[in-house]
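Derivation of every value follows stated rules applied to the coordinates shown; laboratory data play no part. Remember, it's a predicted structure, so these values are computed and weren't measured experimentally. Glycine also receives a Cβ, built like all others from the backbone with ideal geometry; neighbour counts cover every protein chain displayed.
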Amino acid sequence: MEKIGKKITIVLWALVIVSIILIVSLMANINSDNDKDSAMLSWINYNLVWVYILLAVAAGLAILFAIFHTVSDKQAAKDGLISVLFLGGVALISYVLASPEIPQFLGVEKFIAGGLNGQTMKWVDTGLIATYIMLSIAVLAFIAGPIIRIVRK
């Protein structure tokens with residue numbers, strides 16, 4: 001375990017050093033004429049690519065560790081499956097309740113001309129209904145939690 005800890009520390013310091021070099025290089029190239037300076041734009045692009053790489057690595061590691069934890073712990077696997085099924089149920093209920101109708105308001109013609117159609121509206125409505133359902137559950141849990149705790153005592 002000691003070797004793994006050292007290797008992780010070295011990798012983290014390397015990531016920090018590369019990030020610091022990119023940020024310092026970006027700051028050193030800032031000038032008042034940013035939109036015409038190709039060097040400045042290239043440093044912005046390098047920094048954006050670095051952020052995307054870090055984001056992809058972090059997301060990948062988070063997924064790998066979650067899978068490892070789920071596989072190694074039966075209770076975690078059961079809880080995870082229940083959560084996924086619950087979210088799938090909310091998504092299904094939201095999709096069934098969603099309407100493909102485009103609402104009528106001033107300027108809707110511009111959106112329809114831009115490609116807004118019934119299928120897009122159905123997915124937008126699904127997202128809104130899912131948000132409402134999850135918000136309702138959160139508010140109910142917030143209200144019911146203390147009441148249930150009091151009743152159990």
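Across the alpha-carbon set of the range 74-153, the Rg to Rh ratio works out to 1.20, Rh being the Kirkwood radius. When each of ASP73, ASP125 is scored by the number of other beta-carbon atoms lying within 10 Å, the sequence from fewest to most is ASP73, ASP125. If R0 is 22 Å, the Cβ-Cβ spacing of ILE137 and SER99 corresponds to a FRET efficiency of close to 0.50.
With the simple spin-label model, which puts each label point 7 Å out from Cα in the Cβ direction, the ILE8 to LEU48 separation comes to 3.3 nm.
Nearest 0.05, what FRET efficiency do ILE150 and VAL84 give at R0 = 25 Å with Cβ-Cβ as r? Using R0 = 25 Å, I get an efficiency of 0.20. Computed from the Cα positions only, the extents of the chain along the three principal axes stand at 57, 55, 30 Å, in decreasing order. Using the rule -39500 (n - 2.57) for each DSSP H run of four or more residues, divided by the residues of the chain, the 222 nm mean residue ellipticity is -29500 deg cm²/dmol.
For the range 1-72, divide the Cα radius of gyration by the Kirkwood radius and give the resulting Rg/Rh value with two decimals. Result: Rg/Rh = 1.17.
Karplus-derived 3J(HN,Hα) values for the range 107-117, using 6.51 cos²θ - 1.76 cosθ + 1.60 with θ = phi - 60°, are x, 5, 4, 5, 6, 5, 5, x, x, 5, 9 Hz; glycine and proline are entered as x. Entry note, the chain: relative contact order of 14 percent, from Cα contacts under 8 Å with a spacing of 6+ residues. When the Cα positions of ILE63, ALA77, GLY127 are compared along the charge dipole of the chain, ALA77 comes out farthest toward the positive end, with charges on each C-beta of Lys, Arg, Asp and Glu. Contact order for the range 74-153, expressed relative to its length and based on alpha carbon pairs under 8 Å spaced 6+ residues apart, stands at 34 percent. Computed over the range 70-115, the Cα gyration tensor eigenvalues convert (square root of 5λ each) into semi-axes of 41, 12, 6 Å, ordered from largest to smallest.
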